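In what follows, a single structure is set out as structure tokens and then discussed.
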Amino acid sequence: MKKILLSIVMLSFLVATITITLVEGASRPRILILHSYDTDYSWTRTVNQGIKRVKTAHLNVDIRYHYMNTKNQSSEAAKRRAAVVAHRVVDSYLPDVLIVIDDDAQRLVAVDYLDRPELQIVFAGVNAELETYGYQNANNVTGILERKSVSAIKEVLRLLVEAQPTPGKLNGKVIYLSDKSSSAKHDADYLAKQQWDPILYQGHLAVGSFEEWKQTVLSLAGRYQFLLVGGYRKLLGGEGEEFVSAKDVAQWTEQHSPLPIIGINAFNSEDGMMLSIGASPFEQGEVAFTRAMQLVDKPSNLAQMPVTVSKQYIVALRREALLKREIQVPKVLEAFARATDNYFE
């Protein structure tokens, strides 16, 4: 009998403990991190690493992630279906703060929650202008824009040119090649407005298929000093009109390009290209989550949070590709790449 009573008491205590835990969990502030893409994309993984750096200091917050995976969707209809699911996640979870990463999630989901006083929006990884999503006048939005650092590209290229056995000068022409994705177009619009001197920036070439990509790369021989490469995950190929593997595109390009390649995203070198200079995904994640926590503590903090622009960048190197082109890299760039885990053998 005593054992039965003891068991009943213990069970009651356990139920009470679980109930208290659930109540406490339900009362914790909620943050939903909505990604446009999925974790098969290194940019997404690294943004999450930036978030994690800050998140460990805030254990009293309920945090969830949702990935729309639009980078792997070949049609707008498929993206819209992903948006329907994302809306359901937001509406069922009812977050206090919605962190929205990259442009697809902004235009497909976040725009439908503008000016709602019960929900604060923090964006990151945005290549478009604020006006594209109506963010410039919204009263519940802040965040960090992703912008390519032309000054960093020029500085790295100058160091690269001067480090060769026969030093030269950085004064040639460069051309930007990408797929036809919206993020690549936003990057092209931004790059066209920047000051490139002493480099002669020759504009943007956008192609839709891998076959077009190949033909374009081979046609550039002798016309430019460097080939700038952006996104290429939206290149169609094959009978099924599926997207070609990003690594296949990068490795083919590195092997066949008559020009030295400079990626404008750090993942370009992870895929196989010799050198890349991109906005820091760590910074995007850190800034977004830090702002989210400030809004959780006090929503009125939004008034003191003007939209900011990326300031940090990443240099990534692919050793094998550099050796094949017999290009020497300044030690400072190699050290930078190694320190950020962006040095690939």
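Brief remarks follow.
- Applying the condition of being farther than 15 Å from Ile144 by Cα and of a type in the set (S, T, N, Q) to segment 292-317 and asking which residue is surrounded by the most Cβ atoms within 10 Å (Cβ to Cβ) yields Asn301.
- Any pair with Cβ under 8 angstrom, 6 or more apart, that starts in segment 36-63 at a residue that is of a type in the set (Asp, Glu) and ends at one that is part of a helix (DSSP H, G or I): Asp38/Thr44; Asp38/Lys71; Asp38/Asn72; Asp40/Asn72; Asp62/Gly25
- Verdict on Val309 being modelled with pLDDT under 95, in contact with a strand residue (DSSP E or B) (Cβ under 9 Å, 6 or more places away or on another chain) and aliphatic (A, V, I, L, M): no
- Breaking point among (1) part of a helix (DSSP H, G or I); (2) in contact (Cβ under 8 Å) with a residue 12 or more places away in the chain; (3) open to solvent by 10 Å² or more (accessible area, probe 1.4 Å), for Leu191: (3)
- Contact annotation: residue pairs with Cβ atoms under 6 Å, 6 or more positions apart or on different chains, pairing a residue in segment 318-339 that is open to solvent by less than 30 Å² (accessible area, probe 1.4 Å) and of a type in the set (A, V, I, L, M) with a partner that is modelled with pLDDT of 95 or more and not in a helix (DSSP H, G or I), are Ala321/Met274; Leu322/Met274; Leu333/Val315; Ala337/Val315; Ala337/Ala316; Ala337/Leu317; Ala337/Tyr343.
- Any hit, segment 75-88, residues being open to solvent by 10 Å² or more (accessible area, probe 1.4 Å) and within 19 Å of the chain's Cα centre (by Cα): yes
- For the residues Leu227, Leu220, the requirement of being touching a residue at least 40 places away in the same chain (Cβ under 8 Å), open to solvent by less than 30 Å² (accessible area, probe 1.4 Å) and not in a loop (DSSP other than H, G, I, E, B) singles out Leu227.
The values are calculated or read from the model by the stated rules, or taken from the named source; none is laboratory data. Values in this document were obtained by computation on a predicted structure and should not be read as measured data. All Cβ positions, glycine included, derive from the backbone under ideal geometry; neighbour counts span all protein chains shown. Please note that ligands, DNA and RNA were not included when accessible areas were found on the heavy atoms of the full protein model with its side chains. Shrake-Rupley method; radii C 1.70, N 1.55, O 1.52, S 1.80 Å.
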